[in-house]
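Let me begin by presenting the structure, written as C-alpha cells, before commenting on it.
What follows draws every value from the coordinates through simple rules; no lab data is involved. None of these values were measured; they are calculated from a predicted model. With ideal geometry, Cβ positions are generated from the backbone for all residues, glycine too; neighbour counts draw on all protein chains shown.
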Amino acid sequence: MLLHLYLRAMSAMATILFDGVAYGMLLFVLACGLAVTLGLMNFVNLAHGAFAMAGGYVTVVLMDRFGLPFLACLPIAFAAAALLGLVLERTLYVHMYGRSPLDQVLFSIGLVFMAVAFVDWAMGSSPQNIKLPAWLQGRRDVFGVQVGIYRSFIIVICGGLALALQLALMRTRFGSRLRAAVDDARVARGLGIPVSTVFAVTFAVGSGLAGLGGALGAEILGLDPNFPLRFMIYFLIVVTVGGTSGIVGPFAASLLLGVADVAGKYYLPALGAFMIYLVMIAVLVLRPHGLFARPR
C-alpha cells in the first residue's frame with residue numbers, strides 16, 4: 001500500500017515537473033526577445049507582449065478564417081511579428097535609443113494601451129481559442145508519467161530555439177557585431193559595423209520570437225486583448241531573475257519559474273499564484289543581479 005502511494009506521488013511529481021518545464025520553455029520564447037532588447041540593446045521595451053499578442057491573433061485568423069494548418073501558421077506568425085517589429089523600430093523606436101529609461105517606459109506603455117484598444121476594436125474582447133491538430137492533443141503514459149503531446153512539442157521547439165539563439169549570439173559574426181554595437185556604438189561605426197541595421201534586425205528577430213511564442217501559447221495561456229498587460233510582469237520577472245547578460249540566464253530563470261508556478265498551483269492552490277513572486281524575491285536576495293549576471 002505504501003509503495004503504491006509512493007509510486008503515485010512520484011508519478012505526480014514527474015508530471016508536474018514535465019508540465020513546469022514546458023511552461024518555462026514557453027515563457028522563455030515569449031520573454032527572450034525582451035532579454036535581448038533590454039539586456040543587449042539597453043532598451044526598456046514594455047510593449048514586448050504586444051508582439052506576442054500579434055502572433056497569437058495572426059494564428060487565430062489564419063486558422064479560423066483561412067483554414068491554414070497549425071504548423072503552417074507558426075512561421076507566418078513569426079514573420080508577421082518580426083515585420084511589425086521592424087516597421088515600428090525604424091519609425092518609432094529608433095528615436096528612443098539613448099533616451100532615459102523613464103522615457104522608454106512611458107513610450108512603450110503607451111504602445112501597449114494602443115495595441116490593447118486596437119485589438120479590442122478589431123477582434124472583440126472575447127477570448128480566442130485555437131484548435132490543435134488531433135496528433136498534438138491528449139497525453140501519453142511514458143513510464144508512469146503523464147506526458148502531454150503538445151507540451152512535448154513545445155519543449156522540442158523551444159529547446160531548439162534556445163540553443164540556436166545562444167549559438168547565434170556567441171559563435172556568429174552577427175553576434176559579435178551586436179555585442180560590439182552595444183558596448184560602444186560610436187567605435188563600432190568607426191570599424192564599419194552598420195549599427196542601425198544590426199539593431200533593426202535584432203529588434204525584428206526578438207519581436208518575431210515573441211510572435212512565435214504567442215502563437216504557441218495561445219492554447220495554453222489564452223488569448224484576449226489584455227494579453228500584453230496580463231503577462232508583462234512575467235516577462236519582466238524572467239529577465240530580472242535570469243539577468244540581462246545573455247540567453248542562458250533567462251532560459252534558466254524561465255525553467256525555474258515555470259516549475260515553481262506549476263508546482264505551487266498544484267500543491268498550494270491558495271498560494272500558487274504567488275509562488276513565482278516568492279521565487280523571484282528569493283533569487284534576487286541571493287543574486288541581486290540575476291542568476292548569471294555579473295555585478296556592474
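Rounded, prolate or oblate: which one fits the range 119-217, using the alpha carbon gyration tensor with axes a ≥ b ≥ c (rounded when a/c is under 1.5, else prolate when a/b beats b/c, else oblate)? It comes out oblate by the Cα gyration axes.
Sorting T202, T197 by the number of Cβ atoms found within 10 Å of their own Cβ, with the fewest placed first, yields T197, T202.
Which FRET efficiency, nearest 0.05, do S196 and R230 yield, Cβ-Cβ r, R0 22 Å? Efficiency for this residue pair is about 0.10. Picking from P269, L212, V239, whose Cα lies most toward the positive end of the charge dipole for the range 195-296 (charges on Cβ: Lys, Arg +1; Asp, Glu -1)? Toward the positive end, the furthest listed residue is V239.
Full extension of the segment from Q166 to Y266, taken as 0.36 nm per residue of separation minus the current Cα-Cα distance, would add 32.8 nm.
Between amide H atoms placed 1.01 Å from N, distances below 5 Å from Q146 occur with T15, all of them 5 or more places distant or on a separate chain. Just checking the listed ones, D64, D141, D19: in the Gaussian network model of the chain with Cα springs under 10 Å, the one fluctuating most is D141. Answer rounded, prolate or oblate for the range 185-296, using the Cα gyration tensor with square roots of eigenvalues a ≥ b ≥ c: rounded when a/c is under 1.5, else prolate when a/b is larger than b/c, else oblate. Oblate, since a/c reaches 1.5 and b/c is not below a/b. Placing unit charges on the Cβ atoms only, positive for Lys and Arg and negative for Asp and Glu, gives the range 2-161 a dipole magnitude near 300 debye about its Cα centre.
For the range 51-202, the gyration tensor built on C-alpha atoms gives an oblate shape. Its axis ratio a/c (a ≥ b ≥ c) is at least 1.5, and a/b is not larger than b/c. Less than 5 angstrom separates the built amide H of L223 from those of Q128, all sequence-distant by 5 or more or on a different chain. Of P69, G98, T59, which is farthest on the positive side of the dipole of the chain, counting Cα position, with +1 on Lys and Arg Cβ, -1 on Asp and Glu Cβ, and the Cα centre as origin? Of the options given, the answer is G98.
Label sites at R99 and R140, each approximated as a point 7 angstrom past Cα along Cα to Cβ, lie 5.0 nm apart. For the chain, the longest principal axis of the Cα atoms and the long axis of helix 195-221 meet at an angle of about 20 degrees. Ordering C158, C32 by the number of other Cβ atoms within 10 Å of each residue's own Cβ, fewest first, gives C158, C32.
Matching the structure-derived Kirkwood radius over Cα pairs in Å against the labelled list (1) 19.4; (2) 20.7; (3) 19.9 gives the label (3). Per-residue 3J(HN,Hα) values for the range 67-76, derived from phi via the Karplus relation 6.51 cos²θ - 1.76 cosθ + 1.60 with θ = phi - 60°, read x, 6, x, 4, 5, 5, 6, 5, x, 5 Hz in sequence order (x marks Gly and Pro). What angle, in degrees between 0 and 90 and rounded to the nearest 10, separates the Cα long axis of helix 227-242 from the longest principal axis of the Cα atoms of the chain? Value to nearest ten degrees: 80. By the count of neighbouring beta-carbon atoms within 10 Å, fewest first, T15, T91 end up ordered T91, T15. Taking the average, over residues, of other Cβ atoms within 10 Å as the packing measure, peptides 281-287, 220-226 rank 220-226, 281-287 from highest down. With R₀ fixed at 25 Å, the C-beta to C-beta distance from F153 to A14 puts the FRET efficiency at about 0.85.
At most 14 other Cβ atoms within 10 Å and a DSSP loop assignment: could you name the trypsin sites (Lys or Arg not before Pro) in the range 82-169 that fit? The qualifying sites are R99, K131. The modelled label-to-label distance between A117 and R65, using points 7 Å beyond Cα along the C-beta direction, is 2.2 nm.
In this Cβ point-charge picture (+1 for Lys and Arg, -1 for Asp and Glu), the range 110-185 has a dipole of about 320 debye about its Cα centre. Across the range 152-164, coupling constants 3J(HN,Hα) worked out from phi with the 6.51/-1.76/1.60 Karplus curve, θ = phi - 60°, read 5, 4, 5, 4, 5, 5, 6, x, x, 5, 4, 5, 5 Hz, and Gly and Pro carry x.
About its Cα centre, the chain has a charge dipole of approximately 640 debye under the convention of +1 per Lys or Arg Cβ and -1 per Asp or Glu Cβ, with nothing else charged.
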